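See structure below.
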Amino acid sequence: MERRLVLRADVIPTVTGSAIPTVIARATVIAGGRDGNRLVVIFKPTTRCNIKCLHCYVGDMRNVYTDMSVEGAHQILEKLPVKTEIIFHGGEPSLMGTDFYNRVTQGFEGKFNFSMQTNLTLMDEQWVPLIENTLKRRLSTSFDFGESLRPIEASDWINKINVFKRNGITPYVVSIFWKGNQHMAPGEIFSFFSNLDLSFRLNYVENIGYAVDSGFPALRHDAGRYASCLKSLFDRWFMSPDANIIIDPCCEILTFFLAGSSVTKCPFSSKCYANIISVNPNGDVFPCGGFDSFPGFRYGNLLKQNYSDIFSAPSYIEAGCRRINLPSQCQECPYFHICEGGCRLEAYSYYGDINRETSMCGEYKEIFSHIENRLGEEKGDVSDWLSSLTAKRRTQ
């Protein structure tokens, strides 16, 4: 494949049609976030779930809260900035039923961009109008290729995917790389999602929630295996003349090297504290969904306080200082401008200190170097290729 490498700062691909995490990742628009980027709210009307996944970060917190009322949801939404990204999350958000979301979003359609992260198991054709008209097809789900952390049969999950694809809705997929599937060939993973025409993100197990109860060392991939898999996935995707999907975080890292823009999506942004919050059913606000298990990181409560009040919390101020408090070897790293120390939740859950670098530091360096070197070898117009690919995804 002949592609001429052109570094163009004007090319920052976005995917808005079907990929919630990608929507959020590339939201460079204006209002709401504390540094000018759009605010993203992980909105949890329930923490209940109909299944139990071995790695779920919610863990036993799923039994702590009473479901959010429509009135409570309205009270919170009325306090949020215009153009906020609202991700209905959980727990399993579909447990609340379509009527709940129709009532909650009524009157707010022009103010917010709504989306949903779901395991799909409870969804059927009756959800299509809500996802089509209110969520604007912004739907994401979770599935692990090979041996799964989730009690979901592959055939059942694919049937659910096909229900929505028949109606023009193509979900984005979050997949977990762990000890149980680390032996799978990256080419098999690529082919599985590519054949289904599903863009996906490959994450890893973190030391929180049920992963602690399940025995974190028994779930976490062996050192170096995630980097090895992601490098191979990148090569398979990048060198494929007929690539039809987005693979994250490969696409996000590639975008950085092409455009020089910050990676604004987890786990590489130090500014997530300013642009992402999680709201629990009782109105409690945390930095993100994974911090629910750590009460000391609570920002405040949007049923009792104004939106601006929550940013005076000590944990918010501490998060804002993390970038300058990271170890010197982190700040002096040639790739610091990409990962900015990695996820502070991951650092805290692993080391007990948000001012430590991510435990994935060595693997990230390996991935960054690999993608950078691949770009140096290319002769094609990578920017045009990536823009064309992401534009195609936007039409779905």
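By how many nm would the segment from Thr98 to Ile324 lengthen if fully extended, with 0.36 nm per residue of separation less the alpha-carbon distance?
Working: separation 226, 0.36 × 226 = 81.36 nm, distance 4.47 nm.
Gain on extension, Thr98 to Ile324, equals 76.9 nm.
Where the accessible area of the stretch 133-205 is counted over protein heavy atoms with a 1.4 Å probe, how much of it, in %, is carbon and sulfur? Spell out each step's value before the answer.
Numbers: 1190 of 2590 Å².
That fraction is 46 percent.
Can you give me the accessible area per residue for the chain, using a 1.4 Å probe, in Å²?
I get 38 Å² per residue for this part.
Please report, in debye to the nearest 20, how large the charge dipole of the stretch 278-395 is about its Cα centre when each Lys and Arg carries +1 at its beta carbon and each Asp and Glu carries -1 there. Walk me through the numbers on the way to the answer.
Numbers: 12 positive and 16 negative charges, 76 e Å.
Using only the charged Cβ atoms, the result is roughly 360 debye.
Which of Lys44/Lys231; Lys44/Lys179; Lys83/Lys365; Lys111/Lys136; Lys79/Lys160; Lys160/Lys365 have a Cα-Cα distance over 25 Å?
Values: Lys44/Lys231 34 Å; Lys44/Lys179 29 Å; Lys83/Lys365 35 Å; Lys111/Lys136 14 Å; Lys79/Lys160 35 Å; Lys160/Lys365 37 Å.
As for pairs spanning more than 25 Å Cα to Cα, those are Lys44/Lys231; Lys44/Lys179; Lys83/Lys365; Lys79/Lys160; Lys160/Lys365.
At 7 Å along the Cα-to-beta-carbon direction for both Phe336 and Phe294, put a label point, then send me their distance in nm to one decimal.
Each label point is offset 7 Å from its Cα along the Cβ direction, giving 2.1 nm.
Taking every DSSP beta bridge that has both residues in the chain, what percent is antiparallel when rounded to the nearest 5? Mind showing how you got there, number by number?
Numbers: 5 of 30 bridges.
Given both bridge residues lie in the chain, the antiparallel proportion sits at roughly 15 percent.
In whole Å, what three semi-axes, largest first, describe the equivalent ellipsoid of the chain built from its Cα gyration tensor (square root of 5 times each eigenvalue)? Intermediate results must be reported in sequence, preceding the final value.
Values: eigenvalues 176, 125, 95 Å².
Whole-Å semi-axes of the equivalent ellipsoid: 30, 25, 22.
Estimate the FRET efficiency between Ser312 and Glu125 by the formula 1/(1 + (r/R0)^6), using the beta-carbon distance for r and 41 Å for R0, to the nearest 0.05. Could the numbers behind the result be given before it?
On the way: r = 46 Å, r/R0 = 1.13.
Once rounded, the FRET efficiency stands at 0.35.
May I ask you to order 163-170, 140-147 by the average number of other C-beta atoms within 10 Å around their residues, highest value first?
Values: 163-170: 17.0, 140-147: 21.2.
Those peptides, ordered most packed to least, come out 140-147, 163-170.
So if I place +1 on the C-beta of Lys and Arg and -1 on the C-beta of Asp and Glu, and nothing else carries charge, what would the dipole magnitude of the stretch 219-261 be about its Cα centre? I want it in debye, nearest 20.
Details: 4 positive and 5 negative charges, 35 e Å.
Approximately 160 debye in magnitude.
When the accessible area of the stretch 245-396 is computed with all protein chains present and a 1.4 Å probe, what percentage of it is carbon and sulfur?
Values: 2720 of 5570 Å².
C and S atoms contribute 49 percent here.
At a Förster radius of 22 Å, what calculated FRET efficiency corresponds to the Cβ-Cβ distance of His183 and Ser232, to the nearest 0.05?
On the way: r = 13 Å, r/R0 = 0.59.
Using R0 = 22 Å, I get an efficiency of 0.95.
If I stretch the segment between Thr66 and Asn195 completely, what's the gain in nm (0.36 nm per residue apart, minus their alpha carbon distance), one decimal? Working shown, then result.
On the way: separation 129, 0.36 × 129 = 46.44 nm, distance 4.05 nm.
Result for the pair: 42.4 nm of gain on full extension.
What ranking, highest mean first, results for peptides 294-300, 279-285 when packing means the other Cβ atoms within 10 Å averaged over each residue? Spell out each step's value before the answer.
Working: 294-300: 17.4, 279-285: 22.1.
The peptides rank, most packed first, as 279-285, 294-300.
The values are calculated or read from the model by the stated rules, or taken from the named source; none is laboratory data. Keep in mind that what you see is a predicted model, and the values were worked out from it rather than measured. A quick note on method: Cβ atoms are made from the backbone with ideal geometry, for glycine too, and the neighbour counts reach across all protein chains shown. These accessible areas exclude ligands, DNA and RNA; they are computed on the full protein's heavy atoms, side chains included. Shrake-Rupley method; radii C 1.70, N 1.55, O 1.52, S 1.80 Å.
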